[in-house]
Amino acid sequence: MSEKSDERVAIQDPTGESLNVPAILPVLPVRDVIVFPGVTVPLTIGRRRSVAALEEAGANGYLLVLTQHEPTTEEPGLGDVYEVGTVVRVMRVVDARREGKQALVVGIARARVDRVITEEPAMQVRFESLSDTPASSHDEAIWRRVVGLAQRVVDLRDDYPDEWKSFIAGIPTPGMLADLLASNLTLPIEDNIKLLRENQPGERLRVIEMHLKREVTIAETQRTLRDEAESGGMDKKRRERMLRSRMREIQEEIGEGDAGLREVDELREKLEAAELPEEAYDQADREMRRLSALPQHAPDRHLIRTYLEWMVELPWNVETPDDLDLGQAREILDADHHGLDRVKDRILEFLAVRKLAPETKAPILCFVGPPGVGKTSLGKSIARCMGRKFTRASLGGVRDEAEVRGHRRTYVGAMPGRVIQGLKRAGARNPVFLLDEIDKLGSDFRGDPSSALLEVLDPEQNDKFSDHYIETPFDLSRVLFIATANTLQTIPPALLDRMEVIELSGYTEAEKLVIARRYLVPRQLEAHGLDAERVAVDDAALEKIVSEYTREAGVRNLERFVATLMRKCARRVAEEGGKAHIHVDEAFTSEALGAPPHLPESAERTSIPGVAVGLAVTAHGGDILFIEATSMPGGKGIRLRLTGQLGDVMRESAEAALSWVRAHAKELGLTEDMLRPGEIHMHVPAGAVPKDGPSAGVALVTAIVSVLSNRRARPFVAMTGEISLRGRVLPVGGIKGKLFAASRAGIETVVMPRRNEKDLTEVPDDVKSALNIQLVDTISEALDLTLADEPALAS
């Protein structure tokens, strides 16, 4: 059924005059434009169907202007435009040739699409007029307020002429006022569509009032800033920022906005918000000026931009408040780690001092101990109990000074050092910063990174740490640095002098059982999808793992064996379904883990003369050391051969031991037949492991006397101590670690220097009670305790 094309309907224009317009109008879809009634708008028309609509309307004809949802749609249908629009009258059409046509239209009335009549050559629709409702008495008050606000905006804005004030006051109806102001405010399309749908003038005025209040606030702020800048009452930075903002607005207004300038402006806003120190701000400002002067595709542009991004992202003034609740801190430390009382006390002392003297400088701590004793995880716990951010830099294998201090920006791929990188990751200038494996720093032709750390770890100068990349001082004095190391031997003395060393010697068997029960078993149960209801691990199984399967200072191997048990359990649960309940006891442990790798061998190894058990400390903790000696006749005099990769100090200890034995042969009951010419060969397994140090002196003497006198060393007796040619037993280091090793190895008696008695205070009571510790002053006293009374029978 065809529609009548000559049918007309009556609509009212904004002044209230009635007009007869066709009931079916061609549709003119537009992009990002809203035409309000009573407003004259120029439109550029170039699309095929839009030109056809304009030609269909003709001169002084009527169109229905509808706004598109998406400006990118080239051939919009009815579903691509909003359902409400404006009936407009074509006032003038100019042919712009290549650019299509220019049409000047004036809005007549609001309208809503009823239905589509035809799609080609132009979309034509039947519409429904949306007339304004009559104004109420309540609209008078808001009408006056909106007029006042609009006149205030005209007063504050220099780009609005004063004649507009009288023009606004003379608008006869509230609906016309709302539509005129809406067309002059910069509002989102969605907000304008809502105003177009609203046919109550009072509601439209309320929305316009809200936006005018915002415009008044903005204009008053701009006027205040401009007045301060012109009168000299504004500081230089604020004035420059305001001028740049105005310059950017002008460039965008005239269409000369540049992506590079917008990028510079964004960086500058970040720079202002970062609150850099004055020296750093001046440095960044110089680079910002260079960046703004460079062309968009200049090769140096991205280098400067990267530098500025680092500058604005560093936490120059960002701090996290310290949590100084000592009770809570102790609970967190105890929950995360068992034992380690000395370390925990030191942290609590630091928090106490920090609470009483907030400006005190942070200590530089160095945790030294074998692997697996909890050095790294302790750093995380310290950060948690203090409420600080945690960051970590692994220094193992670092050989380049630039890794610490950064690369100079002249190099390709330059970047800041690990200290500055860690602070950026932390996002605060007072984190807990862990320098992991500081004893494994190297050095080569590129520099010595340990020397670069001297400035970082010196509280007297690290408040002005200079990174080669940043090129401006950064305050590190609020950072709590914690270093970790396995040994102190490879740390340069100057660097070691700057740190407070706290030794973590390892755990006793009792402590390992507690750690396994409280921490390792629950963690591995969760990691393998198990729970305590399905899998029950008894203490006998854990004791078996600790005593027979692990012989280490830490607990890493212990956790690996616990994980092995959990995998076996997980497999059984998966095979038997959710009904399985597994009891992990000694039998299950033996079956799952196989034969124990560590069995007591002290008695077996010392069952023949010439073998003594020494104690040593390595980077992996304390350990026992078997020293073997054998004698062979022949040649002139007594010669000494040493094997087992012994260092110079240990070789000299062996020579001193032989000299003392020869000098005191009569006292030792050694006959001339026993001291006949020949060779004494001393070997220290394992031959692939280098060994050095003076603490094996007592064990070397024992082995030599044992092989010459044919007297066995007492079983389950270990010894340590340096010797002198005068027969004195001198003190040595690492007593705590050595006693731990003796306890783990099943040693019953330990012979050690009397002058090391002071070190026993650091040894746990359960270790001291498990060992018979004998203190000696002389070699003779030591031999009485280490050698059997009677010669061994010939086999």
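The values are calculated or read from the model by the stated rules, or taken from the named source; none is laboratory data. Quantities reported herein were computed from a predicted structural model and do not represent experimental measurements. Positions of Cβ are generated from backbone atoms using ideal geometry, with glycine treated the same way; all protein chains shown enter the neighbour counts. Side chains included, ligands, DNA and RNA excluded: accessible areas come from the protein's heavy atoms. Shrake-Rupley method; radii C 1.70, N 1.55, O 1.52, S 1.80 Å.
Miscellaneous remarks
- Between 525, 505, 549, the Cα set farthest toward the positive side of the dipole of segment 499-555 (charges on each charged residue's Cβ, about the Cα centre) is that of 525.
- Semi-axes of the equivalent ellipsoid for segment 1-97, Cα gyration tensor, largest first, Å: 21, 16, 15
- Theoretical gain in end-to-end length, residue 461 to residue 557 [0.36 nm per residue, Cα-Cα removed]: 30.4 nm
- Spread of Cα-to-Cα distances over 10 Å intervals beginning at zero, given as percent, for segment 404-486: 17, 51, 29, 2
- Amide H within-cut-off set for residue 640, under 5 Å, with H built and near neighbours excluded: 680
- Shown here for segment 662-715: GluC sites (Glu not before Pro) in loop regions (DSSP other than H, G, I, E, B) with at most 11 other Cβ atoms within 10 Å, namely 672.
- The charge dipole of segment 682-795, taken about its Cα centre with unit charges on the Cβ of Lys, Arg, Asp and Glu (plus for the first two, minus for the last two), comes to roughly 220 debye.
- Solvent exposure of segment 446-569 as accessible area per residue, Å², 1.4 Å probe: 41
- Rounded to the nearest 10 degrees, the angle from helix 375-386 to the longest Cα principal axis of the chain is 50 degrees.
- For the chain, the relative contact order is 7 percent, taking Cα pairs closer than 8 Å that sit 6 or more residues apart in sequence and dividing their mean separation by the residue count.
- FRET E, pair residue 323, residue 282, Förster distance 30 Å, beta-carbon r, rounded to 0.05: 0.25
- Portion, in percent, of the accessible area of segment 332-385 that falls on carbon or sulfur, probe 1.4 Å: 56
- For segment 617-704, the fraction of 1.4 Å probe accessible surface lying on carbon and sulfur atoms is 53 percent.
- A Cβ-based charge dipole, computed about the Cα centre of segment 389-521 with Lys and Arg at +1 and Asp and Glu at -1, lands at about 700 debye.
- Calculated from backbone phi, Karplus (6.51, -1.76, 1.60) coupling profile of segment 216-221 in Hz, x at Gly/Pro: 5, 4, 5, 5, 5, 4
- The structure-derived value of semi-axes √(5λ) of the Cα gyration tensor in Å appears in the list (i) 47, 39, 26; (ii) 46, 31, 27; (iii) 91, 32, 24 under the label (iii).
- Two-site FRET efficiency, residue 159 against residue 412, from Cβ-Cβ distance with R₀ of 56 Å, rounded to 0.05: 0.70
- C-alpha long axis of helix 301-313 to longest principal axis of the chain, angle in °: 70
- In the context of the full set of protein chains, segment 749-795 has a per residue accessible area of 56 Å² (1.4 Å probe).
- Gyration tensor verdict on segment 320-368 (Cα atoms; rounded if a/c is under 1.5, prolate if a/b is larger than b/c, oblate otherwise): oblate
- Stretchable slack from residue 345 to residue 166, in nm (0.36 nm times residue separation minus alpha-carbon distance): 56.5 nm
- At a probe radius of 1.4 angstrom, the accessible area of segment 1-110 per residue rounds to 52 square angstrom.
- Using the average count of surrounding beta-carbon atoms within 10 Å as a protection proxy, the listed peptides 39-47, 130-138, 205-213 rank, highest first, as 205-213, 39-47, 130-138.
- Just the protein heavy atoms count here, and of the accessible area of segment 10-142 at 1.4 Å, carbon and sulfur take up 47 percent.
- Among 327-336, 7-16, 398-407, the order from most to least packed when residues are scored by Cβ within 10 Å on average: 398-407, 327-336, 7-16
- Taking 164, 310 and ordering them by how much accessible surface each has at a 1.4 Å probe, largest first, produces 164, 310.
- Within the chain: Cβ-based charge dipole about Cα centre, in debye rounded to nearest 20 (Lys, Arg +1; Asp, Glu -1): 1320
- Close amide H partners of residue 114, meaning residues 5 or more places away or on another chain with modelled amide H under 5 Å apart, are 126, 127, 128.
- For residue 28, the amide hydrogen comes within under 5 Å of the amide hydrogens of 64, 65, 66, counting only partners 5 or more places away or on other chains and with H modelled in the peptide plane.
- Positive end of the dipole of the chain (Cβ unit charges, origin at the Cα centre): among 391, 495, 685, the Cα lying farthest that way belongs to 685.
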